[in-house]
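Taking it in order: structure first as structure tokens, then the write-up.
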Amino acid sequence: MAKFQAPKGVSEYVPDRSNYFEYVRSTLIESARNSGYQLIELPVFEDTELFTRGVGESTDVVRKEMYTFEDRGGRSITLRPEGTAGVMRAVIEHNLDRGQLPVKVFYSGAFFRAERPQAGRYRQFYQVGIEAIGLSDPLIDVEVIAVADRAFKALGLRKYHLEITSLGDLLTRENYLKDLRSYIEELPLDEETRTRASLNPLRLFDDKRSEIRELMQKAPVLMNYLTEESRADFESVKSLLKRLGIAFSVNERMVRGLDYYTGTAFEFVHSELGAQSGIGGGGRYDGLMEQLGGQNLSGIGFGLGIDRVLLACEAEGIAVPENEKLDLYIVPLGTGDESLIIAEELRSRGLRVDLAFGERALKGAMKAADKSGAKYSLVLGADELSSDVVSLKEMNSGESESVTLSSLATTLIEKISNLGEHS
RNA sequence: GUGGUCGUAGCUCAGCUGGUAGAGCACUCGGUUGUGGUCCGAGAUGUCGCGGGUUCGAGCCCCGUCGAUCACCCCA
């Protein structure tokens, strides 16, 4: 029988790289938690219509990238291609918007898009996202951006930058798009490009071909259509970002892939990732909640691509910190039972402990201790059991000291916490 | 979805103009009896992505297929 392989284009993480993945994900989540966002855990599949109405019929995501199927009850189901629509559905369904506003939630999980895979672009990929719903205020726009920026900085990323723009309110967009369409109509375009433009004229700003870029140089710019209020909000966002020391550039031609964005929109781009350079992006959405049957509340949020952030970290040579490693590795010499009992006792005290299984030779077991990255190791043989004293070895220095078995846990806990303070 | 490149041991790769597979790393054991990271020795490991075809003979040639990768499209 042929070997099974994972389905085409999915991203999956196995040891040791999965440690790196977990570190990246938890760092992103911690940034959201530090800002008061709470977990919202949602299904990975939803009613297809939630996405066609929420994300927008004209988007590529809906038109050709959704995993849609019929369940046994004849319902049309779609694997979630993005997070915001589902969050809005849940907020409405559970009346979360009836309490204090804004509602602040974060999510983390798998998303699905049936695209041609590439490094950094997968059919099943992972995102951490946040949403702040029910408040239209530059303050919250900036907070949302700051959550992402702080997460990236916490990871130690440097080679990324933030681009922002304002897409204006719904009416502004309507006026602008009308003018943009009539401008594009006059351009000498091939059939395919024209079709793309008719679905979303903003796309042409993103075209890689230089002749198109040139044609679009003189196209009307949305920024000039903004109402006084939008303009003022955007100014507030910019000055607040500056005061927070968050570097950014204004990209008046930014294009977002989802239809629902209004007002502030932003994107984090990393310079070492090739074509799939966006490590996160988001923006405000004024009409979405109402569009999905809720009250008329505005919200703002982002999605960060864990897979891409991980690639970015690797590209910058960022390592997983030491404290993710084991505290102790036990090498039993014919003392499997006792070793496991001691390990369990230490583990229940909160220490990270592993041991060598399978009657390995001392040399091999010490090698395993080394590979595990554990901070300390100890050998447990008949001598130790009869004397109740073990030789606790600090792996980096190679030095060891005698510790009684009964004080092993407290000694280790003390040593580990001292290490933490010094590093 | 479109086009280019690639697919040999767990990993990185070598394999000359076709003659039935190799290196380094990793792994296991050992270097006189219980302490790893260096060094030395020994050992295990592959249906050469999969399926067809050409040939006396294919890892090397042809076709298909699956997958990865790069760019486009799009996006996290």
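The values are calculated or read from the model by the stated rules, or taken from the named source; none is laboratory data. Everything quoted here is computed from the prediction, not taken from an experiment. Using ideal geometry, Cβ is built from the backbone for each residue, glycine included, and neighbour counts are taken over all protein chains shown. These area figures cover heavy atoms from the full protein model, side chains too; ligands, DNA and RNA do not enter into them. Shrake-Rupley method; radii C 1.70, N 1.55, O 1.52, S 1.80 Å.
The listed residues A:ASP206, A:ASP370, A:ASP141, once ranked by accessible area (1.4 Å probe) with the largest placed first, stand as A:ASP370, A:ASP206, A:ASP141. Per residue, the convex hull spanned by the Cα atoms of chain A measures out at 209 cubic angstrom.
According to the calculation over all Cα-Cα pairs in the stretch A:1-81, the P(r) per 5 Å bin from zero is 3, 11, 13, 13, 15, 19, 16, 7, 2, 0, 0 %.
Here the accessible area is traced with a 1.4 Å probe on the protein chains. For chain A, carbon and sulfur cover 48 percent of it.
In terms of overall dimensions, the stretch A:139-215 has a Cα radius of gyration and Dmax of 17.4, 48 angstrom.
Checking the Cα-Cα distances for A:LYS371/A:LYS393; A:LYS178/A:LYS218; A:LYS218/A:LYS242; A:LYS367/A:LYS393; A:LYS153/A:LYS325; A:LYS153/A:LYS242 against a 20 Å cut-off, the pairs over it are A:LYS218/A:LYS242; A:LYS153/A:LYS325.
On the principal axes of its alpha-carbon atoms, the stretch A:102-144 has extents of 38, 16, 13 Å, going from largest to smallest. In this view, the solvent-accessible surface of A:LYS415, computed with a 1.4 Å probe and all protein chains in place, comes to about 50 Å². Semi-axes of the equivalent ellipsoid for the stretch A:322-422, computed as √(5λ) from the eigenvalues of its C-alpha gyration tensor and ordered from largest down, come to 19, 15, 13 Å. For the stretch A:27-48 versus the stretch A:293-344, the inter-centroid distance based on Cα atoms is 17 Å. Projected label points at A:LEU170 and A:ALA315, each 7 Å from Cα along the beta carbon direction, are separated by 3.8 nanometres.
The candidates A:LYS375, A:LYS208, A:LYS242, arranged from most to least accessible area with a 1.4 Å probe in the full protein assembly, appear as A:LYS208, A:LYS242, A:LYS375. Converting the Cα gyration tensor eigenvalues of the stretch A:1-136 into ellipsoid dimensions via √(5λ) gives semi-axes, longest first, of 27, 23, 13 Å. Exposure check, 1.4 Å probe, all protein chains in place: A:ARG53 carries approximately 110 Å² of accessible surface. Using a Gaussian network for chain A with springs between C-alpha atoms less than 10 Å apart, which of these wobbles most: A:ARG113, A:ARG253, A:ARG243? Result for chain A, Cα springs under 10 Å: A:ARG243 fluctuates most.
Potential lengthening of the chain between A:ASN251 and A:SER76 amounts to 59.2 nm, from the contour at 0.36 nm per residue minus the alpha-carbon distance. Mean-square fluctuations from a GNM of chain A, with a 10 angstrom spring cutoff on Cα atoms, peak among A:GLY301, A:GLY381, A:GLY283 at A:GLY381.
Between A:LEU199 and A:VAL10, the FRET efficiency estimated from the beta carbon spacing at R0 = 30 angstrom works out to 0.60.
Computed over the stretch A:291-341, the range of Cα coordinates on each principal axis works out to 69, 33, 15 Å, biggest value leading. Here the stretch A:164-250 has an Rg and Dmax of 15.2, 47 Å, counting Cα atoms alone.
Dividing the radius of gyration of the alpha carbons in the stretch A:134-180 by their Kirkwood radius gives 1.15 for Rg/Rh. Bridges between two residues of the stretch A:322-422, per DSSP, are antiparallel at a rate of about 45%.
The distance between label points at A:PHE69 and A:GLN38 comes to 3.4 nm (points 7 Å beyond Cα on the Cα→Cβ vector). Across all Cα pairs in the stretch A:201-264, the calculated P(r) in 10 Å bins from zero up to the longest distance comes to 17, 43, 32, 8 percent per bin.
Ranking A:LEU362, A:LEU177 from most to least accessible surface, computed with a 1.4 Å probe over the protein chains only, gives A:LEU362, A:LEU177.
Between 0 and 90 degrees, the angle of helix A:306-315 with respect to the longest Cα principal axis of chain A falls at about 70 degrees. To the nearest 10 square angstrom, what accessible area does A:ARG209 show with a 1.4 Å probe? Surface accessible to solvent at A:ARG209 totals approximately 80 Å².
With the alpha-carbon atoms of the stretch A:63-201 aligned to their principal axes, the span from lowest to highest coordinate is 50, 46, 38 Å, starting with the largest.
What is the ratio of the Cα radius of gyration of the stretch A:220-319 to 2.2 N^0.38 Å, with N the residue count, to two decimals? It is 1.25. As a length-normalised measure over Cα pairs under 8 Å and 6 or more apart, the relative contact order of chain A settles at 16 percent.
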